[in-house]
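Throughout, read-outs are computed from the coordinates displayed, never taken from laboratory work. If you're wondering where the values come from, they're calculated on a predicted model, not measured in any experiment. Positions of Cβ are generated from backbone atoms using ideal geometry, with glycine treated the same way; all protein chains shown enter the neighbour counts.
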């Protein structure tokens, strides 16, 4: 039967400072449809969902819901329009009760004689949880008593309880176990049953095929295509998602992997809450790829090898000493550099000038007895800004005003300026435009020739396959497979290992 | 349900233990019912101010102008009481509190300065305004207006304020908004809670609670002298300590009750020290030391429990790995 | 590029605004007092009155640039003053060393409480000031502790000028050019990112509190020389005077990269001229306090709103 | 264009606010207006290089021209019940003798006191008077005044301490000090309590370390031996607000049930209302007797409700005598050449009508009118001698004032 259009998005654009998150995106979603939205990191899929749900404003364009222009400025107004959003990060507040979280922002429903009737609220919350088949959570408990997955269940219950006309699920699945995902898929089915529409945002293609009726593909903020029903085939989608031919000139050209003899860093039988008996060796002049789903423990391993966390058992050592790493300060002294996944909060100081960011961890090198004249600092900063070709008018500008790619160049300038021989890259090209991506790949190649050891942690398989000499795949905290670089390595082979 | 009771027993044990400590040291003077009565009544004023402060403190903001405000409220109340009697006093106090609260709210909304810095500047303004009105002379109120300063007046005012506070903190939409903003301002803002409006309401509320406390304080002491410079901050040190102690115990019992227990603790210590005729300097040291100990314990406990949790899951991983190897 | 020079204009205004206020206050009072404030002895008096505040405000720049507060400075000045007075009966240099030592010790405790144990800086130092005021009451039995008469001859302006210049220039060099100063500002600008750039956060915080304690110790020593005795309320409310002086001097409230050492010097001078000028004009206590309050709020509003606009532009640009 | 105008506007705003803040506040003491008028007059004179001996030119100049003598006073408050009368009396004395008085408040803090003295001197005062909060600040004060060649003197202060006495008397700029027999005042306060039948006493006191405090403590100790009384508990810190004092009394009474008297040896201004209020709340007004040193606004009402048994105070003319000494010295007709120490008399109130008389004749209008003070300046009445001054000081009492002002 012909469903009329529920959601009509016309020429929507949005930019954060210099980075253009969405460029003139238009597409329609029919009533009762489960529409997937896929795209690589930084393709704008989360941005469009937040704009629809009223968390971000849009720069240009019009969004119509059921023919009426949608001007929701906050989540509460969006809810009034029948839109519910499950955010990617944590959407519940730890200090307050589960029931307060579910009805956060609209406690007025339970107000009688000016005061909230908590019993009523808890009962309603219990009902909401039972509605999605969750009975292990007590509404009056504090929310931080429950683990991540249970808190996601609370968010799903909160979204589902309002019987939204349009439910947006933003990359929630990957944080859930199979049991949790079952509950999520059941809830989505329920919404479809009562004629609601679902926007399901993910970057996991198998899950998408199973759940969605149709899928819209975004790449670097631009609308590519929408496929329906049977013509949603994985590799076609992937090609559209990635878009660029898997041409070799994009990544490394040499086919054979190579590495130096010298082991630069060793991880021996490390146990933490996320890692189970992980061991690996990093050689000089090697790019070691580390892949897996985002919660497989590879990010935690990256932090461990920089001394940010301490293992419960086992050791992380560099050559020359068998003493474990105590702190980042020690790691830097031993020549390790770490490029964090969350660039804006950890890898770079936004509210500080480019010069300070570049010179910060090489102050002891630049200065004599701790004192460094501005001239020396400027010379050092200019040298590395020029070497990494960071686009900035003057070195005094704040890093906050730079684009994603340029921020990453500043971070690289910082570590190369420090002369770190071991570099840990955690999703280095996440949310970065193509041009800078390519520059980073070439830089990695150069560093490899100069004998640097690089640990490349990435959620993008093409990048891993294209750049690494050796690839380790992790799953649920364990290293499950090791492959050398070679033409026979394909994405599907690795994906089988990851899931 | 029994978990709640066992928790509150644990919390109540702390002041009882402290009371017994002083009882053993000075049985003659500390054993009487009268002393217990005085400990309670002397904690009322501190507790009411602390109740008013806890909203802002929970959101990480500190209102240092409450001391100067209370003095100004009392001065206006004393002046009006000469002309309009008892009602004039009450109206004067509450009106002045309201105006101060609105002034703070407007200034915060217009200038968006951190509240602590703004209130430091206001201490000069409010404190000296009081001094100007009375041209720095002390004022007193006549005896028949002071029945709120003694039993049963102060007990009634205290209980009414306690009930109002209980509903405001736990049952009102505003109360849950404060808890949400204190927990995560970002998520609250996304869910349509205006962080700024909540803070402005808290500024107003802390002034109103301070106004009520000022009435009881004026009736109890019957005199008020204008404050000079920043000295009025000393007067709100004790309520601030009760708020911090209250927050520590708020994990076990409702925050309204835990802040009351905090002010009782302070009252026991000050009375104990008078009974032992130690110099009241010891009071400052004891209270400061207790606060440091509690805060240190709380932080270390939080860090330790997180580490412990990680250790536990790591051990679980190890067991799991051994099983699969064997 | 219009927004760019608009931003530059605002940034220029923010940088020179403290100088404008200093000149306005200086000229304003000179006119109103008919030149009496310009008199040499009066200027010497202004310097002597703000000498101790200059020391502690200088040290406070390091702390405020890391977005940390020290509410116990006044109590530390009181305690070190009493210690200096007591020890001065034995010999003067020992008294100076004792005052410095006690200041450093208290600074170390503050540093550990906040840096290592992670207690909120304001609460930790507030509790410490409560304890120190209590100890002070006991030590001088809530009265005064006199200093040895020999100590009076230390009270020449020359000595104070020398100590002040050496201290301020040294602190300025450390803050502006030494990696320690830069790390302080980096911690203020973004603590998590600073950790990953190899800054030992706890170490930097402890050093800053120790430096603050040392400055308070020296200030305590010279306060006692100036007044002849330490009382239970010596150094009262110094921590708030510091905060007001730094903000009048244009220091950003939550520190970070824009923190400048000069805001301490300019701010203290503005405050010194203000206090001296108002007494010179025979203003009563309360009009003085109201003027101070109004000026503080106006400067706050001016610098805070404009700085917010600049930061917002930076984020958006 | 908008940006430029906003910048201009804000800097104008700042300048305007600071200037308005100064002048606009319109400090009510005429010294400020006098300051600005004389400022206009003075600008040419002080425009020539201001060398240190500016003080001397001032002295010769004033002998001839109409320029007024300028006296400076630093005191802990300007109008509360204890400090207010001192300021009023001194002000009337200055008006009578044609001198100008500049006042600064110092909140009982030695640092502020010294800063005020320096600023008063900078303000052009030729003599400065203060109550030293610590014996040890006296050498400092003496040095500052000698360096600027400004006379100085103390009120409410007894130079009994040997060291400080010599330092002051050695300085040619020391006019003298007016002191009260604080031993006697505390002793009398305790005597009134004993006569009313009290023997177990709770005490509110001034902070230790000051001669006034030590003398009052000695007076109390003397009375305790003589009348077999005992100080059970003392509080020297909870004295800044009436509410603190009230709580302190409640704790004292509950901790020491046999307490039957309270003496307030200082800070009466803030403690008395609280003490009386809490005693009345606890219904102990009859049982617990109260006596205090220093007067209070509503002592008449307290006497009528006989909630207070004895108040010793009224020692408010110290500032005026210092003004008399200074004006005569500065006019070149010194009453006496070397520094002097003058004992000031207390007034003892023991009944409601004592209080009424004091309030009518010595508080509402002052014990000595401007004309009476004028007679004490040798320029106006050459025959006036130092002995006459001592005689006037000695005869100070309610009776004397009533007879002089021929009240029936």
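Observations on the structure shown:
- Acute angle (nearest 10 degrees) that the helix B:281-325 long axis makes with the longest principal axis of chain B, alpha-carbon atoms: 20
- Rounded to the nearest 10 degrees, the inclination of helix B:2-25 to the longest alpha-carbon principal axis of chain B is 60 degrees.
- Among C:70, C:284, C:258, the largest mean-square fluctuation in a Gaussian network model of chain C, built with springs joining Cα atoms closer than 10 Å, belongs to C:284.
- FRET efficiency for the residue B:9 to residue D:226 pair, using the beta carbon distance and R₀ = 51 Å, is estimated at 0.40.
- Among B:70, B:249, B:312, the residue with the largest mean-square fluctuation in a Gaussian network model of chain B, with springs joining Cα atoms closer than 10 Å, is B:312.
- Helix-only [θ]222 nm of the protein assembly as shown, DSSP H runs n ≥ 4, -39500 (n - 2.57) each, per residue, nearest 500: -18000 deg cm²/dmol
- Across all directions, the average projected area of the convex hull around the alpha carbons of segment B:281-326 is 3.2 nm².
- Shown for C:11, D:180: other C-beta atoms within 10 Å of each C-beta, ranked fewest to most, produce the order C:11, D:180.
- For segment D:181-195 and segment C:152-166, distance of Cα centres in Å: 48
- Helix A:148-161 and the longest principal axis of the C-alpha atoms of chain A enclose an angle of approximately 30°.
- Its relative contact order, with pairs defined as Cα atoms under 8 Å and 6+ residues apart, puts segment A:5-242 at 28 percent.
- Shown here is the pair-distance distribution of the protein assembly as shown: with all Cα-Cα distances grouped in 20 Å bins from zero up to the longest one, the shares run 8, 31, 33, 19, 8, 1, 0 percent.
- Within a Gaussian network of chain B (alpha carbon springs, distance under 10 Å), most fluctuating of B:200, B:187, B:264: B:187
- Cα extents of segment A:248-498 along the three principal axes, largest first (Å): 52, 41, 31
- Difference of contour (0.36 nm per residue) and Cα-Cα distance, residue A:5 to residue A:254: 84.6 nm
- For the residues of C:252-264, the average number of beta carbons from a partner chain within 10 Å of their own beta carbon is 2.
- Shielding of peptide B:114-122 by partners, expressed as the average count of other chain Cβ atoms within 10 Å per residue Cβ, is 5.
- Distance from the C-alpha centroid of segment B:195-224 to that of segment B:1-51: 25 Å, rounded to the whole angstrom.
- The fewest-to-most ranking of A:415, B:51, A:384 by surrounding Cβ atoms within 10 Å reads A:384, A:415, B:51.
- Spin-label model distance (nm) - residue C:94 vs residue A:28, 7 Å beyond Cα toward Cβ: 9.5
- Note on A:269-277: average number of Cβ atoms from other chains within 10 Å of each residue's Cβ is 5.
- Site pair residue B:174 and residue A:269 shows an inter-label distance of 6.2 nm when each label is modelled 7 Å from Cα along Cα→Cβ.
- Among beta bridges identified by DSSP and lying wholly in the protein assembly as shown, the antiparallel ones come to about 40 percent.
- Centroid-to-centroid separation of segment C:257-302 and segment B:61-108 [C-alpha atoms, Å]: 27
- Computed over chain A: relative contact order in percent, which uses C-alpha pairs under 8 Å that are six or more apart: 15
- Model label points for residue B:142 and residue C:40, set 7 angstrom from Cα along the Cα-to-Cβ axis, are 6.3 nm apart.
- Value of relative contact order over chain B, rounded to a whole percent, pairs C-alpha under 8 Å and six or more apart: 31
- Protection proxy ranking of A:454-461, C:147-154 - average other beta-carbon atoms within 10 Å, highest first: A:454-461, C:147-154
- Ranked C:40, C:273, D:178, criterion: other C-beta atoms within 10 Å, fewest first: C:40, C:273, D:178
- Stretch gain in nm, segment residue D:365-residue D:402, where the contour uses 0.36 nm per residue and the Cα spacing is subtracted: 12.2 nm
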